[in-house]
Every structure is written in C-alpha cells, then in structure tokens.
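A.B. asks: Attaching a single structure in structure tokens format; questions to follow.
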Amino acid sequence: MQRLAPALREDNVPLDLISLIKTVLAATKEISFRVSQAHLGGLMGSTLDENIQGEIQKKLDVVANELFKDILLESGFVKAISSEEEDSSVPGDENGKFIVSFDPLDGSSNIDINSLIGTIFSIHEAPKGMAADDPDMFKQAGNKQVCAGYVLYGPSTMLVMTTGKGTHFYVLDRTHGGYLLVERNVRIPEDTQEFAINMSNQRFWHPAMKNYIDDLILGDTGPRGKNFNMRWIAAMVGDVHRVLCRGGIFTYPADSKNPNKPYKLRLMYEANPMSFLVEQAGGLSVTSEGRIMDIEPTSIHQRVEVILGSKNEVETCLSYYKK
Ligand code: AHG
Ligand code: MN
Ligand code: MN
C-alpha cells in the first residue's frame, strides 16, 4: 500500500501543501490517541464553558482544538486558523502561505457514548496583502479550497482527503505511524435507496422537504416506487463517510425550530470541506437554492442548509422545491 506523501506527489500536489497536510495529520494522530484514551485520561464529559455559538464544550472538544491549533500555528506554514471552538480567527505566521478552518471534533454528542467522531479541515491559500490577524482572509468561497478532508476516529482511524484530484481513502497504520492509501478515486453511486436526516425536526421543515421525505417513507407504495432505508449517526463525518462508501442522501435542511437559527451546520468547517469531498467523488452538495461551494461567506461561523450525496437523489430532492 502506498504511503501518503508519494500518493500526493502522484497527484502533483505542491511540496509546501504536502508539508502542511503532514502537519495537519500529525495533529490528527495525537487526537486519535487522546480519543482512544479519553476515559482513562479523565477526558469524558463537558467543561463548564460555552463556545461562541452557545454550545457547551466537551473536554475533548477543547483538547482537540488546542492540539490542532498549536501544531498548526507552530508549523510556520499557516497565516491564520479558524475553528468551531475559537471566537474569531487566530493569527499565525505573517509569511504562512495557507489558512486552515477546522472542526476539531465533529459529533461531540457521541463522545460520551464511545461512538463515531472525527476532525474536519479545509485549506485555502492565504490572500496576499492581508494581515495575519484579519479574519476577512477567511471570506473565500469553498470553490477556492486547495485541500479538504476529515479523519474518522472509528474502529480504524481513517483519513478521507481531496486536493482537487479525486477523493481518496487512507487508513492510519499504527505499526509505522503513518496513513496508507487504501482506495483511490472513490465514486458515490448516482442512485441510492438510503437517506439520512434527523426525523425529530420533521414538523419544523419547509413543506418541500417534508413532502420529499414523506415520499421516501411511502417506499414502493408511493410515487418513488422503491423502498428506502434510513440511517442517522449524529456526526456529519460518519454520515458523509457512509455516503462516500455506498451512496445515499444526507441532509440537514432549514428548520423553523429556533427562528434565530434556521440552519445547523457550519459553512467553513463542515459544509465546504464535505462538499469538496463529495463533488470530487461525483456527488452533489447543495442548499435548496444552489451549490454550497459557490456561497461567498460573510462570517466565520455562518451556518448553511446542506443536501448532499448521490447525484440523482439530490436532484430529485431539489425537484420538490420547484414544484
Ligand atoms: P459538532 O459536534 O461539531 O457541534 O457537530 C454536530 C453536527 C453534525 O456533525 C451532525 O450531523 C449534527 O450536528 C447532528 O445534529 P443533531 O443533534 O440534530 O442530530
Ligand atoms: Mn461539527
Ligand atoms: Mn465540533
């Protein structure tokens, strides 16, 4: 099996980006170890603090964030970082060529039940002529990402990453401590009979989404003429990974539960990197109004509607909004 750096060189990834990716992955290896030892190391449960988004931080959210942040900022490759767990962007090296957005631990509600969690990251080039402490550097659309990926801390620690030349799977080989390429150019099947949505929000959805899901549930007795299965991991990393492995549609649609918060998932460190991975695997990733990666961001923690996965199924879902 091929090691990570030669695999990246084969895709003609520039050397400075490879160095940054190696730095990102060094952080994920340490997070993977901390996650596996959480109970033993007293890292289960919550802190007494909230992040800027008003969510109680788990102890592992904070540890993963500090690890990721310190390793990136010390590397010299990074001009600034932004994170779910940081109020604003954090400046790094003025000469750093890249900026990195990340969700240090996605699926935090799974921590205390020893279930699936992961780290999501998104890399852009740092715009020239802007100071390292200027958060406006992060106002770049997803279509300008140079790399995106996630690491899943599951039964095996898996890296899923793209630099714009396809989406590839790697597994952390603990015998030598590096990631090995296990699947190149993953493709998402265009059709599916599986969907992922938090059904408990049903009464708060837009009527189009409600009608679409109703028809999936009707199965072969309804207009779709085939039965659908449902899965919900409550960690976007887990749900998107399943979609990349065997197809499906994953959505966190707009809802009216809290009028001040119509969307749940964050654009910069959840929706954009996942969109890049999904599109590079032949899938679609949209809101009910258009392509996610074309959204011009207005703020670091902005939230967005997400509908992604198997091409034909996402298109069918969107057709309900046009009816
Ligand atoms: P995070 O743990 O980083 O805050 O993200 C959780 C997100 C996402 O991963 C997941 O798909 C969704 O929240 C789960 O939402 P529900 O709590 O509605 O299931
Ligand atoms: Mn998350
Ligand atoms: Mn998180």
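The values are calculated or read from the model by the stated rules, or taken from the named source; none is laboratory data. Model, not experiment: these values are computed from the prediction. Glycine also receives a Cβ, built like all others from the backbone with ideal geometry; neighbour counts cover every protein chain displayed. Note: accessible area is taken over every heavy atom of the protein model, side chains too, but ligands, DNA and RNA are not part of it. Shrake-Rupley method; radii C 1.70, N 1.55, O 1.52, S 1.80 Å.
A.B. asks: Taking the alpha-carbon centroid of each part, what is the distance from the range 15-49 to the range 105-153 in angstrom?
C.D. replies: The distance from the Cα centre of the range 15-49 to that of the range 105-153 comes to 14 Å.
A.B. asks: For GLU10, what accessible surface area do you get with a 1.4 Å probe? Give it in Å², rounded to 10.
C.D. replies: 110 Å²
A.B. asks: Follow-up. What's the local net charge at GLY149, with K and R +1, D and E -1, over the other residues with C-beta under 15 Å away?
C.D. replies: Values: positive: LYS22, LYS29, LYS165, ARG184; negative: ASP11, ASP103, ASP106, GLU183, GLU270, GLU279.
Once all neighbours under 15 Å are counted, the net charge is -2.
A.B. asks: Expressed in nm to one decimal, what extension gain is obtained for the pair ILE217 and GLU315 from 0.36 nm per residue of sequence separation less their Cα-Cα distance? Intermediate values should be presented prior to the final figure.
C.D. replies: Details: separation 98, 0.36 × 98 = 35.28 nm, distance 1.77 nm.
Contour length minus Cα-Cα distance gives 33.5 nm.
A.B. asks: Could I ask something else about it? Work out, step by step, the length gained on full extension between GLN302 and HIS39: first 0.36 nm times the residue separation, then minus their alpha carbon distance; give nm to one decimal. Walk me through the intermediate numbers first.
C.D. replies: Details: separation 263, 0.36 × 263 = 94.68 nm, distance 3.27 nm.
Gain on extension, GLN302 to HIS39, equals 91.4 nm.
A.B. asks: What are the ³J(HN,Hα) couplings of the range 132-144, residue after residue, when phi is run through the Karplus curve with 6.51, -1.76, 1.60 and θ = phi - 60°? Round to Hz, x for glycine and proline.
C.D. replies: 4, 9, 8, x, 5, 4, 7, 7, 10, 5, x, 5, 9
A.B. asks: Ordering SER115, SER82 by how much accessible area each has at a 1.4 Å probe, largest first, what is the list?
C.D. replies: On the way: SER115 50, SER82 0 Å².
My answer, sorted largest first, is SER115, SER82.
A.B. asks: What's the FRET efficiency of PHE204 with SER19 using the Cβ-Cβ distance as r and R₀ = 41 Å, to the nearest 0.05? Please report the intermediate quantities before stating the final value.
C.D. replies: Numbers: r = 45 Å, r/R0 = 1.10.
With R0 = 41 Å, the Cβ-Cβ based efficiency is 0.35.
A.B. asks: How much accessible surface does LYS311 have with a 1.4 Å probe, in Å² rounded to 10?
C.D. replies: The accessible area comes out at roughly 70 Å².
A.B. asks: Rounded to the nearest 500 deg cm²/dmol, what is the calculated helix-only ellipticity per residue at 222 nm for the chain, with -39500 (n - 2.57) per DSSP H run of length n ≥ 4? Don't skip to the answer; put the middle values down first.
C.D. replies: On the way: 7 runs with 90 residues, N = 323.
The helix contribution divided over the chain gives -9000 deg cm²/dmol.
A.B. asks: Now for a separate question. In what sequence, largest accessible area first, do GLU279, GLU194 appear using a 1.4 Å probe? Display every interim value, and only then the final one.
C.D. replies: Values: GLU279 55, GLU194 20 Å².
Largest accessible area first, the list is GLU279, GLU194.
A.B. asks: For the range 224-323, how big is Rg over Rh, using alpha carbon atoms and the Kirkwood form of Rh?
C.D. replies: Numbers: Rg = 13.3 Å, Rh = 14.0 Å.
The Rg/Rh ratio comes out at 0.95.
A.B. asks: Next question. 7 Å from Cα along Cα→Cβ at both ASN143 and GLU66: what's the point-to-point distance in nm?
C.D. replies: Result: 4.1 nm between the two label points.
A.B. asks: Just by accessible area at a 1.4 angstrom probe, what is the order of SER256, SER83, SER75 from largest to smallest? Don't skip to the answer; put the middle values down first.
C.D. replies: On the way: SER256 70, SER83 0, SER75 35 Å².
Largest to smallest exposure gives the sequence SER256, SER75, SER83.
A.B. asks: Here's a follow-up. Going from the alpha-carbon gyration tensor of the chain, what semi-axes, largest first and in whole Å, does one get by taking the root of 5 times each eigenvalue? If you can, show how the numbers build up before the last one.
C.D. replies: Numbers: eigenvalues 187, 93, 85 Å².
The three semi-axes for the chain are 31, 22, 21 Å.
A.B. asks: What net charge do the residues around LYS210 carry, taking every other residue with its C-beta under 11 Å from that of LYS210, with Lys and Arg at +1 and Asp and Glu at -1? All intermediate terms of the calculation are to be shown ahead of the outcome.
C.D. replies: Details: positive: ARG203; negative: ASP214, ASP215, ASP255.
Net charge around LYS210: -2.
A.B. asks: Taking H as built 1.01 Å from N, whose amide H comes closer than 5 Å to the amide H of ARG303, not counting residues under 5 places away?
C.D. replies: It is LEU267, by chain and number.
A.B. asks: Give me the net charge for the shell around ALA235: Cβ to Cβ below 12 angstrom, other residues only, Lys and Arg +1, Asp and Glu -1. Provide the component values of the computation, followed by the final result.
C.D. replies: On the way: positive: ARG231, ARG242; negative: ASP103, ASP106, ASP239, GLU270.
So the surrounding residues net to -2.
A.B. asks: Using θ = phi - 60° and the Karplus curve 6.51 cos²θ - 1.76 cosθ + 1.60, what whole-Hz ³J(HN,Hα) does each residue of the range 267-274 get, with Gly and Pro shown as x?
C.D. replies: Per residue, the Karplus-derived 3J(HN,Hα) values read 5, 6, 10, 10, 5, 5, x, 5 Hz.
A.B. asks: With a 1.4 Å probe and every protein chain left in place, tell me how much accessible area HIS176 has, in Å² to the nearest 10.
C.D. replies: Estimated to the nearest 10 Å², HIS176 gives 70 Å².
A.B. asks: Which of these, GLY129, GLY45, GLY154, has the largest mean-square fluctuation under a Gaussian network model of the chain (Cα springs below 10 Å)?
C.D. replies: Of GLY129, GLY45, GLY154, the most mobile in the Gaussian network model is GLY129.
A.B. asks: Also: Given springs between every Cα pair under 10 Å in a Gaussian network model of the chain, which of PHE204, PHE68, PHE276 has the largest fluctuation?
C.D. replies: Per the Cα network of the chain with a 10 Å cutoff, PHE204 tops the list.
A.B. asks: Which far-off residues, 5 or more places away or on another chain, put their amide H under 5 Å from the one on SER83, with H placed in the peptide plane?
C.D. replies: PHE102
A.B. asks: Here's another thing I want to ask about it. Taking the chain as a Gaussian network, Cα atoms linked when under 10 Å apart, which of THR28, THR298, THR221 shows the biggest mean-square fluctuation?
C.D. replies: Result: THR221 has the largest fluctuation of those listed.
A.B. asks: Evaluate Rg over Rh across the range 2-183, taking Cα atoms for both radii and Kirkwood's formula for Rh.
C.D. replies: Working: Rg = 16.0 Å, Rh = 16.7 Å.
Looking at the range 2-183, the ratio lands at 0.96.
A.B. asks: With θ set to phi - 60°, apply the Karplus curve 6.51 cos²θ - 1.76 cosθ + 1.60 along the range 30-47 and write out the HN-Hα couplings as whole Hz, x wherever there is a Gly or Pro.
C.D. replies: 6, 4, 4, 5, 4, 4, 5, 9, 3, 4, 5, x, x, 10, 8, x, 9, 8
A.B. asks: Probe of 1.4 angstrom, ligands and nucleic acids ignored: what's the accessible area per residue over the chain, in square angstrom?
C.D. replies: Values: 13540 Å² over 323 residues.
Per-residue value: 42 Å².
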